[in-house]
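Chemist: The structure is given below, and queries will be raised subsequently.
The values are calculated or read from the model by the stated rules, or taken from the named source; none is laboratory data. Worth saying up front: this structure is predicted, and the values here are computed from it rather than measured. Glycine also receives a Cβ, built like all others from the backbone with ideal geometry; neighbour counts cover every protein chain displayed. Accessible surface areas use protein heavy atoms only, side chains included; no ligands, DNA or RNA. Shrake-Rupley method; radii C 1.70, N 1.55, O 1.52, S 1.80 Å.
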Amino acid sequence: MKLLASTTSEKPSLWIFGYGSLVWKPDFKYKRSKVGYIEGYSRRFWHGDNFHRGDKDVACTWGVAYEVTDSQMEESLQYLNVREAVLGGYVTKMVEFTPREKYQGSLLALVYIATSDNPIYLGPATPTEIAAQITICRGNTGHNIEYLLRLAEFMRLYCPEVEDDHLFSIEAAALALVI
């Protein structure tokens with residue numbers, strides 16, 4: 001997920017970019033949202049966390065950026081720091097978010113990213129191996145298959161022109177195991 005600084009409003013605001021469960025379940029108040037992407041990162045299911053996965057690569061990761069206003073910033077950042085950094089083991093980086101809508105400028109964003117030096121980093125695996133793990137795992141917020149299916153559904157609904165081979169191959173393998 002990313003946090004973006006905005007200079008277009010009179011009051012200070014912050015953009016928060018989600019590329020995992022935040023695309024359907026942000027769990028914080030926000031003013032507005034935009035679908036878009038960040039470059040230089042690929043979504044990968046290589047993280048042993050039940051909620052989010054991500055890894056740096058030369059590609060794009062699509063998701064949703066949420067604008068939080070000055071009155072929402074502190075609460076949102078406290079919540080996300082626990083959800084992403086403390087419980088999820090993610091680190092933050094400043095990146096550029098590009099909205100999907102044409103002629104809208106990019107925004108500077110702070111993102112929570114999984115890294116390979118995290119103790120819950122699992123590393124690369126085949127789509128079948130990842131799907132097998134996902135179909136049997138459940139966390140405090142629900143079953144991992146829900147995470148996978150909702151993320152694939154988001155991509156098909158909001159980014160139909162984007163082919164996320166990693167995501168969709170894991171989805172196909174997981175569905176083959178449970179159907």
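Chemist: Among (1) 19; (2) 12; (3) 36, find the value of percent of Cα pairs over 31 Å apart that was calculated from the structure presented, and write down its label.
Modeler: (2)
Chemist: Further, regarding this structure: What relative contact order, as a whole-number percentage, does the chain give when Cα pairs under 8 Å and 6 or more residues apart are counted?
Modeler: 25 percent
Chemist: Would you mind calculating the relative contact order of the stretch 102-179 from Cα pairs under 8 angstrom and at least 6 residues apart, reporting the percent as a whole number?
Modeler: Details: 41 pairs, mean separation 26.8, N = 78.
Value for the stretch 102-179: 34 percent.
Chemist: Same structure again: Karplus couplings for the stretch 161-173 from phi (6.51 cos²θ - 1.76 cosθ + 1.60, θ = phi - 60°), rounded to Hz, Gly and Pro as x?
Modeler: Using θ = phi - 60°, the values come out as 7, 9, 9, 9, 4, 4, 4, 5, 6, 5, 4, 4, 5 Hz.
Chemist: Each residue of the stretch 120-128 in order: what ³J(HN,Hα) in whole Hz does its phi give by Karplus 6.51 cos²θ - 1.76 cosθ + 1.60, θ = phi - 60°, with x for Gly and Pro?
Modeler: Working through the residues one at a time gives 9, 6, 9, x, x, 7, 6, x, 5 Hz.
Chemist: Quick one: which residues, 5 or more positions from residue 59 or on another chain, have an amide H under 5 Å from its amide H? H modelled 1.01 Å from N in the peptide plane, none for Pro or chain starts.
Modeler: Those lying under 5 Å, H to H, from residue 59 are 40, 41.
Chemist: For the stretch 9-155, what % of the accessible area comes from carbon and sulfur atoms, probe 1.4 Å? If you can, show how the numbers build up before the last one.
Modeler: Working: 3870 of 7410 Å².
C and S fraction of accessible area: 52 percent.
Chemist: May I ask you to evaluate 6.51 cos²θ - 1.76 cosθ + 1.60, the Karplus curve with θ = phi - 60°, for each residue of the stretch 109-119 and list the ³J(HN,Hα) values in order in whole Hz, giving x for glycine and proline?
Modeler: Once rounded to whole Hz, the list reads 9, 9, 10, 8, 10, 7, 10, 6, 8, 6, x.
Chemist: If you don't mind, another one. Would you work out if the stretch 106-179 is rounded, prolate or oblate? Take a ≥ b ≥ c from the square roots of the eigenvalues of the alpha-carbon gyration tensor; rounded if a/c is under 1.5, else prolate when a/b is larger than b/c, oblate otherwise. Mind dumping the intermediate values first?
Modeler: On the way: a/c = 1.65, a/b = 1.14, b/c = 1.45.
Judged from the Cα gyration tensor, the stretch 106-179 comes out oblate (a/c at least 1.5, b/c at or above a/b).
Chemist: Which cross-chain or sequence-distant (5 or more) residues have an amide H under 5 Å from the amide H of residue 13, H modelled 1.01 Å from N in plane?
Modeler: Under 5 Å from the amide H of residue 13 lie the amide H atoms of 6, each far enough along the sequence or on another chain.
Chemist: What length, rounded to one decimal in nm, is gained on full extension from residue 102 through to residue 169, with 0.36 nm per residue of separation minus their alpha-carbon distance? If you can, show how the numbers build up before the last one.
Modeler: Details: separation 67, 0.36 × 67 = 24.12 nm, distance 2.94 nm.
Here the segment from residue 102 to residue 169 would lengthen by 21.2 nm.
Chemist: What does the helix-only formula give at 222 nm for the chain: each DSSP H stretch with n ≥ 4 adding -39500 (n - 2.57), the total divided by the residues, and the result rounded to the nearest 500 deg cm²/dmol?
Modeler: Details: 4 runs with 50 residues, N = 179.
Mean residue ellipticity at 222 nm (helix-derived): -9000 deg cm²/dmol.
Chemist: Quick one: which residues, 5 or more positions from residue 95 or on another chain, have an amide H under 5 Å from its amide H? H modelled 1.01 Å from N in the peptide plane, none for Pro or chain starts.
Modeler: 109, 110, 111
Chemist: Apply 1/(1 + (r/R0)^6) to the Cβ-Cβ distance of residue 137 and residue 161, taking R0 = 30 Å, and write down the FRET efficiency to the nearest 0.05. Before the final figure, lay out each step's value.
Modeler: Numbers: r = 31 Å, r/R0 = 1.02.
With R0 = 30 Å, the Cβ-Cβ based efficiency is 0.45.
Chemist: Could you provide, to the nearest whole Å², the per residue accessible area of the chain with probe 1.4 Å? Don't jump to the answer; show the numbers that get you there.
Modeler: On the way: 9240 Å² over 179 residues.
Result: 52 Å² of accessible area for each residue.
Chemist: Next up: What distance in nm lies between label points placed 7 Å from Cα along the C-beta direction at residue 116 and residue 11?
Modeler: It works out to 4.4 nm between the two label points.
Chemist: Taking the simple approach of a point 7 Å from Cα along Cα-to-Cβ for both residue 77 and residue 179, what is their distance in nm?
Modeler: Output for this residue pair reads 4.5 nm.
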